[in-house]
Structures are given as structure tokens and as C-alpha cells.
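Enquirer: Would you mind keeping the following structure in view while I ask a few things?
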There are 2 protein chains.
Amino acid sequence: MNNHTSASPAPTRPRVVLIGCGFGGLEAVRLLSSAPVDITLVDRTNHHLFQPLLYQVATANVSAPAVSGPIRHILRREMRRGNLTVLQAEVTRIDATRRELLLDQGQALPYDHLIVAAGATHSYFGHDEWQPVAPGLKTLADAFNIRARIIGAFERAELCADTAQAQQWLNFVVIGGGPTGVELAGALVEIARHTLPDEFRRIDSRRARVVLVEGSDRVLGAFHPRLSESARRQLEKLGVEVRTGCRVTGIDHHGVTYHDAAHPEQGDQRIEARTVLWGAGVAASPLGRSLAETAGATLDRAGRVVVEADLTVPGHPEISVIGDLAAAKSHGKSDPKPVPGVSPAAKQMGRLAARNLLRRLRGEPAVAFRYLDYGSLATIGRKSAVVQLEVPAIGEVKWGGYFAWLFWLFAHVYFLIGFRNRLIVLFDWAWSYWTFERHARVVAESAQEPKDAPA
Amino acid sequence: MNNHTSASPAPTRPRVVLIGCGFGGLEAVRLLSSAPVDITLVDRTNHHLFQPLLYQVATANVSAPAVSGPIRHILRREMRRGNLTVLQAEVTRIDATRRELLLDQGQALPYDHLIVAAGATHSYFGHDEWQPVAPGLKTLADAFNIRARIIGAFERAELCADTAQAQQWLNFVVIGGGPTGVELAGALVEIARHTLPDEFRRIDSRRARVVLVEGSDRVLGAFHPRLSESARRQLEKLGVEVRTGCRVTGIDHHGVTYHDAAHPEQGDQRIEARTVLWGAGVAASPLGRSLAETAGATLDRAGRVVVEADLTVPGHPEISVIGDLAAAKSHGKSDPKPVPGVSPAAKQMGRLAARNLLRRLRGEPAVAFRYLDYGSLATIGRKSAVVQLEVPAIGEVKWGGYFAWLFWLFAHVYFLIGFRNRLIVLFDWAWSYWTFERHARVVAESAQEPKDAPA
């Protein structure tokens, strides 16, 4: 090996390997980098992604580099300490018996301690054939794909000689009423009604229909029912058709069929639409299965790894699982409660896993994870949002509307990685707020709609 | 058809169709939009691209939306006049006999007047098998591809256990010593020596080799020999190995073979390199062949359409060809001179073709094209450039170095479309100038190096 730095770690240092540089992995690396350990961080991509703003890339409001940053650059200070190696590779298998990982380049990577923060992907509830028709939003590539489909749909509508055909291209269905679905639906009506009018001659972009389909009886189910009701009203005011209690039974290149629980007598109903976006299910990374096979871990229904109170795999104190891949519980004063799959939880798990690892190295006992819930935020279109905060000594505070949106905006900009990105995103937002423009409305040729999609 | 605007043009207006929204097409549309004609602009993509700065996207210095803009948005004022339709589609064939175009969606588009501004693509001089190995730089997709390869090469080097293998990933060959090749080579050494050091542990990014291979005896052959010499010195000072008089004879996934005219006795020489970029040949759009077949047009060796003095196709006064697809001559006081394939020439052709079209509608004779050469600029790395200007009454002025670079910078920002892009690009440049950072260093998963490339 070609170690050119003079600060190469002594080979006796414990080898810590981290998989994934999301919110949890990044926190863990930062804490560990000042400890006497030799760290290797492995990620499939070259960037950390600020996922809460990914829908803004998909809806052409900000460019990709504004909500993501090269891992090596984010961790440049930690790298100067000389004990951190970053590798861009895909981990194909975890072998807990031999204590090593297999990388897609064929190499094996041995570890003494392992933190798995491999995250989650989409779940189509057993209907994997829906995936190419109804893309989800987890990665930058997903965002470019969705952006190309949205922009492309209006272009295809303008090409149609037939009004009915054009309307099919102007109909959009968003499946799933969680934060991602609500954000996408809100941005879609904004594009149709504020950004694009007057830029087409054969179609009227304002005639676009945006339908949000949700299986349960309300949107933003993680929020208080009062805020769900507020969100629904705000969506409908923007122009989104909200259909709760509707279970999707089929998706194809021409539309969506669904079953309306409130009107079972009507049987399967149909929306003709050429663009369907998926914001519904989440499935844990397939690396969970690797841990089940070689470390005897138990997986829950969503494929997440059931972990001990200290976030380690039962029987394997050298392996921690954090973030969306962990089925973790919060151990507070009351009974243990499940931890939600949100970024603050991932960050807190990352910090605890790192601290427990260092405690174990010092011979101290590990401590249990306790999730501090500061509240939740979700945005709806260009100037409304819902906010639900846990304020110490006061309790839960919740409100919706314009000031909730301002709060959401500053909270998100604050947590964006890197001063430069904060500045750029604020500028992009201020610009699009005043002009209704979406400056990132360009589609690279390779990201165009697949040619094999039926015309 | 679903014409919702009340300002629909009367059907008796002449139908003008434009193919391509590059520099020439955009100028022509702008002039024609205030005339009593019905215009349809067809482009393959949804954006106008400021090609002179595309290498900055490829080398991760600016994001794609900063150097491109949606065609509909750029032409929004013209669209409000009610006589302009923009269609995103690929023209598969021009039928000059029936006076119609065929679009990839199967539709036919009739015209009374046609302006073809379909531009150019890469030419591999009969070696099309080099294309997947050595990508060229014409489109945003090309830029993302090159960006992914450059960033990915350093990542792959870091993964190598073997020093010799790592060095192959750290060797870069740029083929072609024109402006694109010179810009790419300069940016590559900058990335290796200023942006990436300290961000890797197994490799030293400063050990990257950048070799610029040019077939003729000097770089920037369109400039005065004194400036070519200046550019060569500046490149070498940056750390680029410049090999002029070297003709490439082979390219594969592991390197480039070439023949050095100065040392024929050495036979074919070889550079081991995993990343090869192509900045050499230009071939006219294949639509030229369509004009040869149905309008009897003559094509030159590069596939360009030989046009009359007024830029029309001989025998077809209703068809004009402009920009990189036209083999045009400038008709000044002296003998006609060939027009170079640069953006100012394309813009001037666009304006003349539009004016001649309007003259013809009024029954006036068309005028001959005269190219006004204001000079040429090329940049070399982060703070040097060469400038060659034609100043009225003084003649040719030429200089190289830092002030040439400042001149280049402001000239390019000035010509960027749209106030917003100018601001963003200036900010991006100022930022990277002071910090050596390249903020757009993120690679989306879909743009990663193809999996089938040999490891």
C-alpha cells in the first residue's frame, strides 16, 4: 500500500469501518476521527446528500451541488488528522464471522469494529414492476430522473395534436402522503400554475392536474391530526386533489388504478396520467440480510436490523447499526419507544454508536440510546408548512401556514452542510420566491425519459 | 389543435421553421419573432447551452444550470407575441421536395421557409470505436460523463492496492490542442494539484500526469504562432505535458498510442492512462445528408452544407443553413474567406439569415454574408489566457497572461444569457479562485463510469 503521509497510523490501532456517509455515518466519523482508531469510511457515491431538500432538485428549484457535497471535502479537516481513509465502493456483503466486508471491486476489507449506516431504499410493497413507471426519490440520480419526467411531460403535451392525449401528459399522480409526497405535489402545482404559463402555445400548463393518493385516512400521518387537516387544506388551496383512504392497486405507463375505502361499491377507480411519482414505501438496505445470514441478526418487516439498547447487533458487540437500517428503540424514562426514520434520529444514533465504541475500547460499559425528539417539519408549496415542536417545560407546540414555512426554511438552511451551500440555497430560494422562476429547469440528454417508454 | 391563446396567427402567414437553438438559431428567432410570420423552433433538448463554458461543468467548477437555460424561459418575451411555438423533438429527416420535416415522435412539420442550425458533433476520424473510451464535450450529458470520469479516476486510484495500477488511474490524456483541449488540460492539473491534495490517503493526487496530444505542430492553431507559443509555455508552467506533432493511432481502456512526427524512428509510442478525453475533431450534424439527398446540396469533407453567399442552399432560396453546419464564406472587400466555426460567426449568420428571409418576403433581394471577426480568446488554467483582437483602425492586438485571463472572464460572463446566470457564474468563479474548491464535484449515481468498463 502506497501510504505517502508520514502520519500513517500504527498497525496496532483498532480498525473501525463505517458503511454509508448519510447523516448518521457522518456524525460517527466526526466523533471517531479524533480518537486513537484507524477509520475507513465506505460509501457508494462520492457525496453526502442533504436528503430533506432533494425534492427541490427534483422539482428544478436548486442544482444538485447546492444540496450535496463531496465526502472528501466535507471531511477534509478530519482527513488531515491522518487516521481516516475514504473509499468510494459498494459493499456487496458483510461477513460477521470473518469480520470483513466484500467490496464490488473484489477487495476484502477487514474490521475490528463496524458501524453500518447503509440507509434505506424504496419499497413497492411487492410490486417491483411499478418501479420503472413510478420512480421514488432517494438519490441525486432519482432527482434527475424525476426532474426529466416532469419537464418532459409538459414538452410531450405541447407536441400532442390531440387534446385528450395532451391532458394525459398534464396529469400527475403522486403516491404517498408523507413529507416527500406532499412536497412533490405542492411543487408540481406551483410549476404548472406559476412557472410555466405563457411559455407554451398549444397547451395551457395551468390545466395540469396533480392528484395525491394516500392509503391511510390522512396526509402527514406522523404529525398531529390537526396539522394533517391543516396540510390537507393548504394542499387543496394550492390546487392539489388529495385522495386519502385510497389504496393503489395498479400502475402502468398510462395511469393509476386505486381502491377507495370510502366508496367500495365503485370498485377500482382510475386516473389517466403519464407521470407517476412514488413517495410511499421505504425498505431497509439489503445489507441487513447480510447481517441476518452471518451475524444471526433479526430483521423486522421493513428489513431493518433489530438492535440492542446500545445499537449493537445481539451477540455482536463489535457491530452497530444506525439510521434507517436500524429497528431501534428509544430508552427514556417510560417504556422503550420505536425511533422514527428521520435525520435527527440518524445523527443521534451516529453520535451514540461512536461514543459506545470508544467506551468499549476503554473497557467502560455501553449506554442505551435515547432519542431526543425536537419535533417535525414539513413544507407544502412555496409559502406554507406545518411545524410540530417539542419545547422543554412547555410541551408540544404546533402551527401551520406562512410563519411555519419561514421556520422550516431557516431550519433547513441552518442544517445544510457548509457555509457556501447555505448561501447558494438561500439565494436560489429568494430568487424563485420573487420571480417564480425555477432556474434548474435544464435536462441533460442522458437524463431524458427512457426511449422504450411507450409513446 | 388546442390553441388557447387569442392571438393565434392567421393561417395565411408564412410558416418559418428553425432547427436548433444554439447561438445562431436563438438570434434568428429573436429577429423573426416581431415579424408577420408564424415560427416553430425545434430543438432536441429543452435548453440553450453556453458552450464556451461547458468545460467548466465538465471540470466541476460550475453547475449545469449556471451555463444553460430553458429555451422557453429565454424566449418568454418573444412567446408572448403569439407567433412562436417551441417544440422539443429530434428532427430525423428534412424533405426539401415536400417542404416538411419528420420528427422522432412520427409527426410531420410543414414549412414555407426553413433555417437549419443543427450544429456539429464529434468526429473520430473514422475511428468510431474510440467514442466510448474517449468522450468529447458538446452537450450537458457529455459534461456530466467527463465529470464522472475525472472524479471517478481519483476514487479508483485510491482503491488500488498496487502503486502502478493507481498511477494508470492518475494519468490523463487530452487529445486535441484546440481551445477545448487546452481548457480541459489546464483544469485537470488544477484539480490534481490544488483541489484534491490532502483529501486522499493512499495516493498523492499531485502525482497525476496530464498529457495534451496535438497532431499539428502547435496548440491553438487558430491563433497567431506567438500566442500558440505563449499558450504552450503557460500550459507547461501549470504542469501539462504538451506533445505536438503527435498523431493518435489507437485508444483503448488502458491508454493511447501515438506516432511522433519528430521521432519517426521510435515507432508507435504509448501512454498508459485510464482517462482519455477527446477535443479533436468536429463533424457536422447528420441533417446535412438529408439536405444533400432531397435538396441536392453539396457537403464538404466535414459534412457541412456548402451555401450561397446569402447562406441559402443552392436552388432552394427557402432553406438557409447557418452555424457549424454551414460551409459559408465571408464576402468582404477582398476575396471570399471561409467562416470559422465559432459562436460570434453563428450569431452573425443567424441574424443575416433572418434578415434575408424578411427581405425575400418583402420582395427585396437577399444580401451576402460578411463575417466581422472581433478576435479570439482561449483560457489556460485558473489565471492565464491568450487574447487576439481585431481593433478597428489599429489592427490586430494580441497578448497573453493574467490580464488576458481577466479579459476572457469578463467577456464570457458578459455574453452569458440572463442576468441571474451571470451573477451565479461570477460568484462560483470568485469562490473557486480564492478557495481552489470546485463546488460541483458531486457525481450522480446514473452518471458513474459504465459498469462494463474493464477494472
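Enquirer: Compute log10 of I(q)/I(0) for chain A with the Debye formula, placing one identical point scatterer on every Cα and leaving out solvent, at q = 0.08, 0.12, 0.13 Å⁻¹, to two decimals.
Expert: Listed by q, the Debye log ratios stand at -0.50, -1.08, -1.24.
Enquirer: Would you tell me the mean number of C-beta atoms belonging to other protein chains that fall within 10 Å of each C-beta in A:199-210, as a whole number?
Expert: Numbers: counts 9, 6, 17, 7, 3, 3, 0, 1, 2, 0, 0, 0.
Mean partner-chain Cβ count within 10 Å for A:199-210: 4.
Enquirer: Let me ask something additional. Please report the orientation-averaged projected area of segment A:62-120, defined via the convex hull of its C-alpha atoms, in nm².
Expert: On the way: hull surface 23.1 nm².
Result: 5.8 nm².
Enquirer: Efficiency by 1/(1 + (r/R0)^6): what FRET value for A:E241 and A:W399, r their Cβ-Cβ distance, R0 = 41 Å, to the nearest 0.05?
Expert: Working: r = 25 Å, r/R0 = 0.62.
After rounding, the FRET efficiency stands at 0.95.
Enquirer: Within 10 Å of each candidate Cβ there may be at most 16 other Cβ atoms; applying that plus a DSSP loop requirement, which trypsin sites (Lys or Arg not before Pro) in segment B:87-180 survive?
Expert: Numbers: sites: B:R93, B:R98, B:R99, B:K138, B:R147, B:R149, B:R156; in loops: B:R98, B:R99, B:K138.
Listed in order of number, the matching sites are B:R98.
Enquirer: Smallest Cβ-to-axis distance in chain A, for the rotation taking A to B: which residue, how many Å?
Expert: Nearest Cβ to that rotation axis, in whole Å: A:S63, 2.
Enquirer: Within a Cβ distance under 13 Å of B:R206, other residues only, what is the Lys/Arg minus Asp/Glu net charge? Don't skip to the answer; put the middle values down first.
Expert: Numbers: positive: B:R193, B:R207, B:R209; negative: B:E190, B:D198, B:E199, B:D204.
Surrounding charge for B:R206 is -1.
Enquirer: Give, as a single signed number, the net charge of other residues whose beta carbon lies under 14 Å from the beta carbon of A:S34, with Lys and Arg counted +1 and Asp and Glu -1.
Expert: Values: positive: A:R13, A:R30, A:R77, A:R80, A:R81, A:R351, A:R355; negative: A:E27, A:D38, A:E78.
Net of charged neighbours comes to +4.
Enquirer: Also: Please identify the DSSP H helices in chain B that span no less than 18 Å along the helix axis (Cα) and have a mean Kyte-Doolittle hydropathy of 0.0 or more. Mind dumping the intermediate values first?
Expert: Working: long enough: B:140-159 (28 Å, 0.39); B:225-238 (20 Å, -1.28); B:343-361 (27 Å, -0.39); B:402-415 (20 Å, 1.36); B:419-435 (24 Å, 0.13).
Helices meeting the span and hydropathy rule in chain B are B:140-159, B:402-415, B:419-435.
Enquirer: Here is a further query. How far is B:V391 from the same spot in each other copy, in nm, shortest first, if each label point sits 7 Å from Cα toward Cβ?
Expert: List, nearest first: 6.7 nm.
Enquirer: Starting from the eigenvalues of the Cα gyration tensor, five times each then square-rooted, give me the equivalent ellipsoid semi-axes of segment A:260-321, largest first, whole Å. Please list the in-between numbers first.
Expert: Details: eigenvalues 320, 38, 19 Å².
They are 40, 14, 10 Å, listed largest first.
Enquirer: Moving to a separate point now. I need the trypsin sites (Lys or Arg not before Pro) found in segment B:337-411, filtered to DSSP loop residues with at most 11 other beta carbons within 10 Å of theirs. It would help to have the intermediate numbers written out before the result.
Expert: On the way: sites: B:K347, B:R351, B:R355, B:R359, B:R360, B:R362, B:R370, B:R382, B:K383, B:K398; in loops: B:R362, B:R370, B:R382, B:K383.
Here the sparse-neighbourhood loop sites are B:R362.
Enquirer: From zero up to wherever the largest Cα-Cα distance of segment A:1-153 sits, split into 10 Å bins and tell me the percent of pairs in each.
Expert: For segment A:1-153, the binned pair fractions read 10, 33, 32, 17, 7, 1 percent.
Enquirer: Across chain B, how many lysine pairs separated by 8 or more positions, or lying on different chains, have Cα atoms within less than 30 Å?
Expert: For chain B, the number of qualifying lysine pairs is 19.
Enquirer: If you place +1 on the Cβ of every Lys and Arg, -1 on the Cβ of every Asp and Glu, and leave all else neutral, what size is the dipole of the protein assembly as shown about its Cα centre, to the nearest 20 Debye? Spell out each step's value before the answer.
Expert: Values: 104 positive and 92 negative charges, 481 e Å.
In debye, rounded to 20, the protein assembly as shown gives about 2300.
Enquirer: Count the DSSP beta bridges whose two residues both fall in segment B:131-268, then state the antiparallel fraction as a percent rounded to the nearest 5.
Expert: Details: 7 of 16 bridges.
Antiparallel bridges make up about 45 percent of those DSSP assigns within segment B:131-268.
Enquirer: Under 15 Å from the Cβ of B:L102, count the other residues' Cβ atoms, weight Lys and Arg +1, Asp and Glu -1, and hand me the total.
Expert: Details: positive: B:R44, B:R93, B:R98, B:R99, B:R289; negative: B:E90, B:D95, B:E100, B:D104, B:E293.
With Lys, Arg at +1 and Asp, Glu at -1, the net is 0.
Enquirer: Across peptide B:65-78, what mean number of C-beta atoms from other chains lies inside 10 Å of a residue's C-beta?
Expert: Numbers: counts 12, 5, 1, 5, 4, 12, 3, 11, 8, 0, 1, 3, 1, 0.
Across the residues of B:65-78, the mean count of other-chain Cβ atoms within 10 Å is 5.
Enquirer: How well do other chains shield peptide A:88-94, expressed as the mean number of their Cβ atoms within 10 Å of each residue Cβ?
Expert: On the way: counts 9, 4, 0, 0, 0, 0, 0.
For this peptide, the per-residue mean of nearby foreign Cβ atoms is 2.
Enquirer: Quick one: compute a quarter of the convex hull surface over the Cα atoms of segment A:199-238 and quote it in nm². List each step's numbers first, then the result.
Expert: Numbers: hull surface 15.3 nm².
Average projection, Cα convex hull of segment A:199-238: 3.8 nm².
Enquirer: Taking the protein assembly as shown, how much of its Cα-Cα pair set, in percent, is spaced more than 36 angstrom apart?
Expert: Working: 221073 of 413595 pairs.
Pairs farther apart than 36 Å: 53 percent.
Enquirer: What FRET efficiency would be calculated for the residue pair B:T249, A:R81, taking the C-beta separation as r and a Förster radius of 45 Å, to the nearest 0.05? Walk me through the intermediate numbers first.
Expert: Numbers: r = 47 Å, r/R0 = 1.05.
Taking R0 as 45 Å, the efficiency between B:T249 and A:R81 is 0.40.
Enquirer: Still on this structure: Fewest Cβ neighbours within 10 Å first, please rank A:V17, A:V397 accordingly. All intermediate terms of the calculation are to be shown ahead of the outcome.
Expert: On the way: A:V17 24, A:V397 11.
Ordered from fewest to most neighbouring Cβ atoms within 10 Å, A:V17, A:V397 come out as A:V397, A:V17.
Values quoted throughout were computed directly from the atomic coordinates according to the rules given, and no laboratory measurement underlies them. Please read these numbers as outputs of a predicted model, since none were measured by experiment. Cβ coordinates were reconstructed from backbone atoms using ideal geometry, including for glycine residues, and neighbour counts include every protein chain displayed.
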